[in-house]
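Laboratory data are not the source of any read-out in this text; all were calculated from the coordinates shown. Please read these numbers as outputs of a predicted model, since none were measured by experiment. Backbone-built Cβ (ideal geometry, glycine too); neighbour counts: all protein chains shown.
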Amino acid sequence: MITAAIVLFNNDFEILNKTINSFLNIKLDKKLFLIDNSKNTQVKDIFSSSEIEYVFVGKNIGFGRAHNLILDRIHSDFHLILNPDVEFSPDVIPILIDQLKKKATVSFITPKVIYPNKNSQYVCRKHPTLFNLINRNLNFNKRLVLKNQYRDRDLNKPFYPDFIHGCFMLFKTKDFKNLKGFDSRYFLYMEDADLCRKIDKSGKKILYYPEVEIIHQHQKGSSKSIKLFFYHLSSAFKYFLKWGI
């Protein structure tokens, strides 16, 4: 049994439809939670299925807090944290589940992530530091930026990075619940980095498995919107206050 959760907020329905169908097309016993932070229930009327449970929030409570709303409703072996702008073939999840079953110390697994134009997204990172965050935005030391993204190694082979950006995180459900989900103090951004630190602290690992791939639109919102930039800044402040710089 696998469950998945997508947090919604005024999404593009055409892109969302591809994401939902990608999950519903897998040949497993499954359930998809649509957690809607939008102000209306339009999504409920458009996406209706016996394998979908719609959760209407009615206001934007943030990414992590919305995912945590269903913690007590997840009754599965595996749970997928899924962005609403991701597309993948039906065989991806069974392959990843098979890898998770083989590795007792791994909490979640992520495949190779590419843009629609087939270029790679570098989702693996070292644990964030204040210096690296500033350097990534100002790009005064490009070599360090690339090293922080593990670009100095062969990214076509599986490995255990410190942190993986959370557009597609396939968890062992018991591990996700033991972690008590996301830290809800982050409204948006850094909650995935924080979760990876909690996994590291628990003695478990995360696995990057590039032998299968998914497509992610990846809008890079914080670089385009002042409001989202300040959300990112606020989350970074909370992260470094909690984990150190």
Q | Cut-off under 5 Å, modelled amide H: who pairs with Gly181 long-range | A | none
Q | Long pairs among Lys102/Lys238; Lys201/Lys242; Lys157/Lys180, criterion Cα-Cα beyond 24 Å | A | Lys102/Lys238; Lys157/Lys180
**Q.** the range 1-80 and the range 157-223: distance between their alpha carbon centers, rounded to Å
**A.** 18
Q) Taking the Cβ-Cβ separation of Ile70 and Ser49 as r and a Förster radius of 25 Å, what is the calculated FRET efficiency to the nearest 0.05? A) 0.90
Q. Among Pro111, Pro158, Pro84, whose mean-square fluctuation peaks in a Gaussian network model of the chain (Cα, cutoff 10 Å)?
A. Pro158
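What's the Cα-based Rg to Rh of the range 113-245, Rh via Kirkwood? Before the final figure, lay out each step's value.
Numbers: Rg = 14.9 Å, Rh = 15.9 Å.
Taking Rg over the Kirkwood Rh, I get 0.94.
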Q) Just how many % of Cα pairs in the range 1-134 lie over 17 Å apart, if you round to the nearest whole percent? A) 64
Q: From the C-alpha gyration tensor of the chain, pull out the three semi-axes of the equivalent ellipsoid (sqrt of 5λ each), sorted largest to smallest, in whole Å.
A: 26, 22, 18
Q.
Given an 8 Å cut-off on Cα distances and at least 6 residues of separation, report the relative contact order of the range 136-245 as a percent.
A. 30
Q) How high is the relative contact order of the range 2-243, given as a whole-number percent (alpha carbon pairs under 8 Å, six or more residues apart)? A) 25
Q | Length added when fully stretched, Asn10-His127, from 0.36 nm per residue minus Cα-Cα | A | 39.0 nm
Q.
What distance in nm separates the two pseudo spin-label positions at Ile114 and Ser225, each 7 Å out from Cα along the beta-carbon direction?
A. 2.9
Q. In the range 2-243, what percentage of the DSSP-assigned beta bridges are antiparallel, given to the nearest 5?
A. 35
**Q.** Integer Hz, Karplus 6.51/-1.76/1.60 couplings in order for the range 94-103, x for Gly and Pro
**A.** x, 5, 5, 4, 4, 5, 4, 4, 7, 10
Q. Of Asp91, Asp175, Asp183, which has the largest mean-square fluctuation in a 10 Å C-alpha GNM of the chain?
A. Asp91
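Within 10 Å of each residue's Cβ, count the other Cβ atoms and sort Ile93, Ile35, Ile134 from fewest upward.
Starting with the residue having the fewest Cβ neighbours, the order is Ile134, Ile35, Ile93.
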Q. Taking other Cβ within 10 Å of each residue's Cβ, how do Met190, Met1, Met169 sort, fewest first?
A. Met1, Met169, Met190
Q: Excluding residues on the same chain fewer than 8 positions from Lys101, give the lysines whose Cα lies under 18 Å from its Cα.
A: Lys27, Lys30, Lys172, Lys174, Lys177, Lys204, Lys205
Q: About the Cα centre of the chain, how large is the charge dipole given +1 on each Lys and Arg Cβ and -1 on each Asp and Glu Cβ? Please answer in debye to the nearest 20.
A: 1000
Q) Using 1/(1 + (r/R0)^6) with R0 = 30 angstrom and r between the beta carbons of Met1 and Asn60, what's the FRET efficiency to the nearest 0.05? A) 0.50
